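Below is one structure; the comments refer to it alone.
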Amino acid sequence: MKILLPPSETKRPGGNGAPLDVSALALPSLGVKRHEVIDALIELAGDEEHARRVLKLSPKQAGDVGHNRMLLSAATMPAVDRYTGVLYDGLDATSLAPASRRWLGAHVWIHSAPLGPIGALDPLPPYRLAAGTSLPGLPALRRHWADATTEAIAGEGPDFVLDLRSEAYVALGPVPDAVSSSYVRVVTEHGRALNHFNKKSKGLLVRALAEDRPRVRSERVLRNWAESRAIAMRKSTVDGVLELVVAG
């Protein structure tokens, strides 16, 4: 199984890892596409005022332009530790046992805007780029990434993909039709979709999977595991999406 997570706009600063080595990231076939976005971000960062407009940053966020300028020289940390926010607070990867963190590294891809999906333990510098941003000199990120990312996922040949991304990041790389997958929506018992608790519940789900480290090769196996953990999952009667049911 592979799990696809969205990134977070908020990120932990600092790091003590070596600078970004694009060739060492998961899904290496995306290398050329990654370098194109990195080059565009670094060039854009040369004009701070223009970069702030393109990235839609406030004056207080101007420091994020500097992060983009140093994408290839800044210190890194594992991607799953770099991201903060509700989903990653629920996952709380830094508190997991070493075996569970290794499981995250083997089974979780985090879909970043500048690099596409990367491994949970892949080293990542701080950056600022959202899925909907259009960078000078490049097509819209959806056009830049979608086909290449879908092909890269297909090339990995996963038995099953659990897609926990937001719709904006699904658009940057849909799971190929030939790969068995389930997209997850977080709802209440009465079917009401959630926002804040949507993210937290996804983080808690991935944490539980990392703790148990089950061998999941299909949605059926996933749902059986969830039942053993008292995690409520069901198929939507409307569109067939896999629903994660939480109190709310």
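No lab work stands behind these numbers, since they all come straight from the coordinates. Here the structure is a predicted model, which is why all the values come from computation and not from measurement. Using ideal geometry, Cβ is built from the backbone for each residue, glycine included, and neighbour counts are taken over all protein chains shown.
Computed values, structure above
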quantity	calculated
Helical mean residue ellipticity (222 nm; -39500 (n - 2.57) per DSSP H run of 4+; nearest 500) of the chain	-11000 deg cm²/dmol
Candidates A40, A106, A178: whichever shows maximal mean-square fluctuation once the chain is modelled as a Gaussian network with Cα springs under 10 Å	A178
Rounded if a/c under 1.5, otherwise prolate or oblate - region 162-241, Cα gyration tensor axes	rounded
In degrees, nearest ten, helix 31-44 long axis to first principal axis of the chain (Cα)	50
Cα-Cα over 22 Å, subset of K11/K56; K11/K235; K60/K200; K33/K200; K60/K199; K2/K56	K11/K235; K60/K200; K33/K200; K60/K199; K2/K56
Which label in (i) 0.99; (ii) 0.96; (iii) 1.09 gives the computed Rg/Rh (Cα atoms, Kirkwood Rh)	(ii)
Span from the region 131-188 Cα centroid across to the region 30-47 one, whole angstrom	20
DSSP-assigned coil residues among trypsin sites (Lys or Arg not before Pro) in region 107-213, each with at most 14 further Cβ atoms within 10 Å	R192
With Cα atoms, 0 to 90° folded angle of helix 98-107 axis to the chain main axis	80
Gained length - E156 relative to E219, 0.36 nm times residue gap less alpha-carbon distance	20.8 nm
Pair-distance profile P(r), taking every C-alpha pair of region 104-190, with 5 angstrom steps and integer %	3, 12, 23, 24, 19, 11, 6, 2, 0, 0
Principal-axis tilt of helix 219-228 within the chain, Cα atoms, nearest 10 degrees	70
Positive-end residue, the chain charge dipole about Cα centroid, Cβ charges, pick of P123, G46, I231	I231
Kirkwood Rh, Cα atoms: Rg over Rh of region 1-101	0.98
Sorted by Cβ density within 10 Å, fewest first, the residues W103, W225	W225, W103
Nearest-20 debye value, region 2-245 charge dipole, Cβ charges on Lys, Arg, Asp, Glu	580
